[in-house]
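Notes for the one structure printed next.
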Protein chains: 2
Amino acid sequence: MLSSPEYIEKLRKSGLRPTKQRIKICQVLFDTKKTFHFTISDLVKLIETKANEKISLATVYNTIHAFEKKGYLKEISINSSQTYFDTNTTNHHHFFDEKQKELIDLEDIDVDPVKIKKTIPGKKIKSVEVLVKIDSE
Amino acid sequence: MLSSPEYIEKLRKSGLRPTKQRIKICQVLFDTKKTFHFTISDLVKLIETKANEKISLATVYNTIHAFEKKGYLKEISINSSQTYFDTNTTNHHHFFDEKQKELIDLEDIDVDPVKIKKTIPGKKIKSVEVLVKIDSE
DNA sequence: ATACCAGTTTATAATGATTCTAAAGTATTT
DNA sequence: AAATACTTTAGAATCATTATAAACTGGTAT
Ligand SMILES: [Mn+2]
Ligand SMILES: [Mn+2]
Ligand SMILES: [Zn+2]
Ligand SMILES: [Zn+2]
């Protein structure tokens, strides 16, 4: 669990001013060994409960997009009404339960490497994401 | 190329009344050997140009969701501001160019079968979708 | 310390895709 | 033809996200 001075350092190194809002969001997102998935509204609730503080919605959006751009978060490709983010920035895939709206990590060992045999002239592959939709049986 | 009476038949068999709006949308979507990907606004434009007709936006949404429910269309899982649909309802994967907002089919032979080695108790797999994001090189 | 500036936060408005509403229209059944 | 259930429609509502622009703050120079 990193304390405030360490996030301050991390933010500065990224060229982001260490404001109290950004530090608080770092604590909520990164003060845990386990990575997790969240939407903006999940995060707003987490800030209110876990941190007992209020950060304006615009700042939450701004910060999450800044962190995403710096590579501290990943956006997950699912066609849902809300965007999902992931504090696990390694290459990995997901189960998605559309009813419960829950994402579950598939570690690399859980999925054989996906080999793409087709190429598009002038285009390069940026990412390969596998989404496994699941449902109660 | 199916003519109107054949869509009428197809719609009736599906329990959908063959209205002139639904028949028109069938023609725009299915009167071609090639399958394709589209958003609702793409489709509205296609109806206006290809069919030189106007169908209310609510009806276009209603019809597309009815067709999707009947299995004549598939919704594609990408995190875009608009939902993408596919007239190719076979199991297949996609390239997605986020800049050009273009989807390209990956046929089954283009991707090795994706083997998922993890199971979630009480859950069954509904679909496995691979999304390959590409970019100009 | 004080002043300054660029970057940041904030409340609020705007946007845009999608869904809802309820009235008018239409296909099918009786 | 009349009755009925289904469908279309314009317009309003919803809701996640982005834009705006004024107030605020961290860092730096004086
Ligand atoms: Mn983003
Ligand atoms: Mn749908
Ligand atoms: Zn994940
Ligand atoms: Zn396709």
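Values quoted throughout were computed directly from the atomic coordinates according to the rules given, and no laboratory measurement underlies them. Bear in mind the structure is a predicted one, so any value in this text is a computation, not a measurement. Quick reminder, even Gly has a Cβ in these numbers, built from the backbone with ideal geometry, and neighbours come from all protein chains shown.
Some observations on this one:
- With label points defined 7 Å past Cα in the direction of Cβ, position B:N62 shows copy-to-copy spacings of 4.4 nm, given to one decimal and shortest first.
- Max mean-square fluctuation residue, GNM over chain A, Cα-Cα springs under 10 Å, options A:G122, A:G15, A:G71: A:G122
- Remark: spin-label model distance B:K69-B:R12 equals 2.2 nm, labels positioned 7 Å along the Cα→Cβ axis.
- Each label was represented as a point 7 Å from its Cα along the Cα-to-Cβ direction; for A:I40 and A:K117 these points are 4.2 nm apart.
- Proximity of backbone amide H atoms, modeled 1.01 Å from N, is registered between B:K126 and A:K133, A:I134, A:D135 at under 5 Å, excluding neighbours fewer than 5 places apart on the same chain.
- Taking amide H atoms as placed 1.01 Å from N in the peptide plane, the amide H of A:T83 lies under 5 Å from those of A:I40, each 5 or more residues away in sequence or on another chain.
- Neighbourhood charge, 10 Å Cβ-Cβ cut-off, centred on A:S136 and excluding it, Lys, Arg +1 and Asp, Glu -1: 0
- Efficiency of FRET from Cβ geometry, B:T49 and A:K101, R₀ 30 Å, rounded to 0.05: 0.20
- Within straight-line cross-link reach of B:K124, lysines at Cα separation under 27 Å, skipping those fewer than 8 residues along the same chain: A:K34, A:K74, A:K99, A:K101, A:K115, A:K133, B:K69, B:K70, B:K74, B:K115, B:K133
- For segment B:49-64, 3J(HN,Hα) per residue [Karplus equation, 6.51 cos²θ - 1.76 cosθ + 1.60, θ = phi - 60°, Hz, x = Gly/Pro]: 7, 4, 10, 6, 9, 10, 10, 4, 4, 4, 5, 4, 4, 4, 5, 4
- Taking Cβ atoms as reference points and 15 Å as the exclusive limit, the residues near A:T49 contribute a net charge of 0, counting Lys and Arg as +1 and Asp and Glu as -1.
- Dipole of segment A:90-134 [Lys/Arg +1, Asp/Glu -1 at C-beta], most positive-end residue of A:T119, A:V130, A:L106: A:T119
- Cut-off 15 Å between beta-carbons: net charge of the residues surrounding B:K13, Lys and Arg +1, Asp and Glu -1: +4
- Cα shape, the protein assembly as shown, gyration tensor, a/c 1.5 rule: prolate
- Taking 17 Å as the straight-line reach from the Cα of B:K20, the lysines in range (excluding those fewer than 8 positions away in the same chain) are B:K10, B:K50, B:K54.
- In sequence order, segment B:67-76 has phi-based couplings of 5, 4, 4, 7, x, 8, 9, 10, 8, 9 Hz under the Karplus curve 6.51 cos²θ - 1.76 cosθ + 1.60, θ = phi - 60°, and Gly or Pro positions carry x.
- Restricting the trypsin sites (Lys or Arg not before Pro) of segment A:1-78 to loop positions (DSSP other than H, G, I, E, B) with no more than 13 neighbouring Cβ atoms within 10 Å leaves A:K33, A:K34, A:K54.
- The phi torsions of segment B:34-46, fed into the Karplus equation with coefficients 6.51, -1.76 and 1.60 and a -60° offset, translate into couplings of 6, 7, 7, 10, 7, 9, 4, 6, 4, 5, 4, 5, 4 Hz, rounded to whole numbers, with Gly and Pro shown as x.
- Kirkwood Rh and Cα Rg combined as Rg/Rh, segment A:4-84: 0.94
- Nearby aspartates and glutamates by direct alpha-carbon distance to B:K123 (threshold 18 angstrom, same-chain neighbours under 8 apart not counted): A:D97, A:E98, A:E102, A:D105, A:E107, A:D110, A:D135, A:E137
- For segment A:75-120 versus segment B:99-134, the spacing of their alpha-carbon centroids is 9 Å.
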